[in-house]
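See below for the structure under consideration.
The values are calculated or read from the model by the stated rules, or taken from the named source; none is laboratory data. Because the structure is a prediction, the values reported are computed rather than measured. Cβ placement follows ideal geometry from the backbone for every residue including glycine, while neighbour counts extend to all protein chains displayed.
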Amino acid sequence: MLRVQDGDSFIMIHEGEERTVRLFAIDAPESNQPFGAEAHRFLEAAIGGKRVLLNVRDTDQYNRLVAEVRVSEDGPILNRQLVEEGLAWWYGSRRPGTRGEYRALERAAREAGRGLWQDPNPVPPWEFRRGHRRE
């Protein structure tokens, strides 16, 4: 892993070339949103300076690898941990097949008031980005 870009993406060497990896099925707050810095720090602490294991699920329109990420073979999937900690939204409408587990993790984080769910009206990053494009 070379560097974390934000709470849901990082740059690494993959098969001999520098590639951006986007975490599958989640969307973390933007850096200038509440809990954006916390999501970035969480991902940095989890993977900083470490080799990671990818379960590549797709390549997106920006040629990023879209993957579930672990630090070890039997370690937790970081994508799920970010949702569980309230540091990312489940991005299920764009990722069929994730509805059950990711939705349940988000619901539990929301009900417990973890992370971004402390805010009574958190703004999803996709809405935040759309609003910033209009300004």
Take the residues of segment 5-29 that are free of Cβ contacts under 8 Å to residues at least 12 places away in the same chain and among the aliphatic types (A, V, I, L, M): which is nearest to Arg51 (Cα to Cα)? Ile13
Number of positions in segment 8-48 that are in a loop (DSSP other than H, G, I, E, B), closer than 16 Å to Arg70 by Cβ and at pLDDT 95 or above: 1
Would you be able to say whether some residue in segment 69-77 is closer than 23 Å to Leu105 by Cβ, in a loop (DSSP other than H, G, I, E, B) and in contact (Cβ under 8 Å) with a residue 60 or more places away in the chain? no
Out of Arg130, Arg80, Arg51, Arg103, sole residue that is surrounded by fewer than 13 Cβ atoms within 10 Å (Cβ to Cβ) and assigned to a helix (DSSP H, G or I): Arg130
Scan segment 41-95 for residues that are among the polar types (S, T, N, Q) and within 12 Å of the chain's Cα centre (by Cα) and jot them down. Asn79, Gln81
